[in-house]
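The values are calculated or read from the model by the stated rules, or taken from the named source; none is laboratory data. As the structure is a prediction and not an experimental result, all values here were calculated from the model. Backbone-built Cβ (ideal geometry, glycine too); neighbour counts: all protein chains shown. Note: areas computed on protein heavy atoms with side chains; ligands, DNA, RNA excluded. Shrake-Rupley method; radii C 1.70, N 1.55, O 1.52, S 1.80 Å.
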Amino acid sequence: MEAAHIVPIAEDGSDEAKNGILLRRDIHRLFDLDLILISPKNGNVKLDSRIHAEYRDQIEASIDLKLLDVETLKLRYN
């Protein structure tokens, strides 16, 4: 498991806990590459078509937004 930045440091993200999500190492890399998206509206997880077949059974279809800072998540996708 690794702590992933929701908003990357290179895009003015912080090292604060509210800017983090705990992910498996390979999922972290996919998240950093924007191949996995988490909707700040409903927590739905969208997989890029390039990884859908390989990961569709390994990743939950949605994330409980109570586990994330929604305002920080919104910043990632603006």
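Per the 1.4 Å probe, what fraction of the accessible area of the chain, in percent, lies on carbon and sulfur atoms? Please list the in-between numbers first.
On the way: 2710 of 5420 Å².
Reported share for carbon and sulfur atoms: 50 percent.
Put +1 on the Cβ of each Lys and Arg and -1 on the Cβ of each Asp and Glu in the chain; which of A17, Y55, L33 then has its Cα farthest toward the positive end of the dipole?
Y55
Given a 1.4 Å probe, how much area per residue of the chain is accessible, in Å²?
Solvent-accessible surface per residue comes out at 69 Å².
List the trypsin sites (Lys or Arg not before Pro) within the range 1-59 that fall in a DSSP loop (any state other than H, G, I, E or B) and whose Cβ has at most 16 other Cβ atoms within 10 Å.
Taking the range 1-59 and a limit of 16 other Cβ atoms within 10 Å, the loop trypsin sites (Lys or Arg not before Pro) found are R24, K41, R50, R56.
At a threshold of 8 angstrom on Cα-Cα distance, excluding pairs fewer than six apart, so keeping six or more, what relative contact order does the chain reach in percent?
Working: 96 pairs, mean separation 23.1, N = 78.
So the answer I get is 30 percent.
Do any GluC sites (Glu not before Pro) in the range 9-73 lie in a loop, going by DSSP, with at most 13 other beta-carbon atoms within 10 Å of their beta carbon, and if so which?
E16, E60
At 222 nm, what value in deg cm²/dmol follows for the chain if DSSP H runs of at least 4 each add -39500 (n - 2.57) and the sum is divided by all its residues, to the nearest 500?
Working: 3 runs with 19 residues, N = 78.
Per the formula, -5500 deg cm²/dmol.
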